[in-house]
Amino acid sequence: MLAKQQAEAARGVFSYNVAEITGANNVDNFVDADWRKYLDENEILVMTAQCFCDGVSRRFINLEQVNVLILDECHHARKGHMFHQIMQHFEGKNMDHCRVIGLSGMLIGVKSTTTQKTVGDEMRQLEATLCSTIISVNNLDDQANSDFHGTKPKEVLEKFTITPPNSCMTTIDANLKLLI
């Protein structure tokens, strides 16, 4: 669902042909001709990490064809995660043709072992894994710019009112009491 939303957003911004590739496309049964069709007819492919990794692993996608790789929630790019597996395909290869853009609201994730002393190491490890440089806000002007252009959720408090039980609820409650 997220890939579909991202593809629709890209279509609204860019004048390029955009396609999404997910498990819903029956990508597990794609043959070379299926991949070739997507690659030849589209300039932008939005796909799940699993589909991209499978396409590269099965040699349908040549990494030389990848100009920009955007990883949403990139802080997950740790050992065992699909993002980490994707980046392993790039190891030892010239990446001058490709830019990796990782997006995240929190760069180091949430781990009980992360301490103030290990944050720097965690960030350097993430940079190394993604062959990227972390760019974040450095001053109040950057923060103000980020706040202005970032999302502005509206938070509301909804009061839940308990409705009096109806006959159906009374029957369910009685049956639950019998079971207990």
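Side notes on the structure shown:
- Amide H to amide H, with H built 1.01 Å from N, Asp72 comes under 5 Å of Leu103, counting only residues 5 or more places away or on other chains.
- The residues neighbouring Val68, those whose beta-carbon lies less than 14 Å from its own, together hold a net charge of -3 under the Lys/Arg +1, Asp/Glu -1 convention.
- Our helix-only sum for the chain, with -39,500 (n - 2.57) per DSSP H run of n ≥ 4 divided by its residues, gives a mean residue ellipticity at 222 nm of -12500 deg cm²/dmol.
- Here the accessible area of the stretch 14-98 is 46 percent carbon and sulfur, with a 1.4 angstrom probe and all protein chains present.
- Relative contact order for the chain: 15 percent, from Cα pairs under 8 Å spaced at least 6 residues apart, divided by residue count.
- Put simply, the amide H of Glu20, placed in the peptide plane, has neighbours under 5 Å in Val46, leaving out anything fewer than 5 places away on its chain.
- Database remark: amide H of Val100 closer than 5 angstrom to the amide H of Leu69 (H placed geometrically; neighbours at sequence offset of 5 or more, or on other chains; Pro and chain starts carry no H).
- Cα centroid separation, the stretch 1-46 to the stretch 69-143: 25 Å.
- When the Gaussian network model of the chain links Cα atoms closer than 10 Å, the mean-square fluctuations of Val137, Val119, Val46 top out at Val137.
- The figure for Glu43 is an accessible area of roughly 110 square angstrom, using a 1.4 Å probe on the protein chains alone.
- Summed over the residues of the chain and divided among them, the accessible surface reaches 75 Å² per residue at a probe radius of 1.4 Å.
- Tyr16 accessible area, 1.4 Å probe, all protein chains in place, Å² to nearest 10: 130
- For Lys79, the aspartates and glutamates whose Cα comes closer than 13 Å to its Cα, not counting residues fewer than 8 places off in the same chain, are Glu122.
- Distance between modelled label sites at Cys131 and Asp28, nm, 7 Å Cα→Cβ extension: 3.0
- If only the Cβ of Lys and Arg carry +1 and only the Cβ of Asp and Glu carry -1, the dipole of the chain around its Cα centre is close to 480 debye.
The values are calculated or read from the model by the stated rules, or taken from the named source; none is laboratory data. Since this is a predicted model, take the numbers as computed values, not measurements. Neighbour counts run over all protein chains shown; Cβ positions are idealised from the backbone, glycine included. Just so you know, the surface numbers come from the protein's heavy atoms only, side chains and all, with ligands and any DNA or RNA stripped out. Shrake-Rupley method; radii C 1.70, N 1.55, O 1.52, S 1.80 Å.
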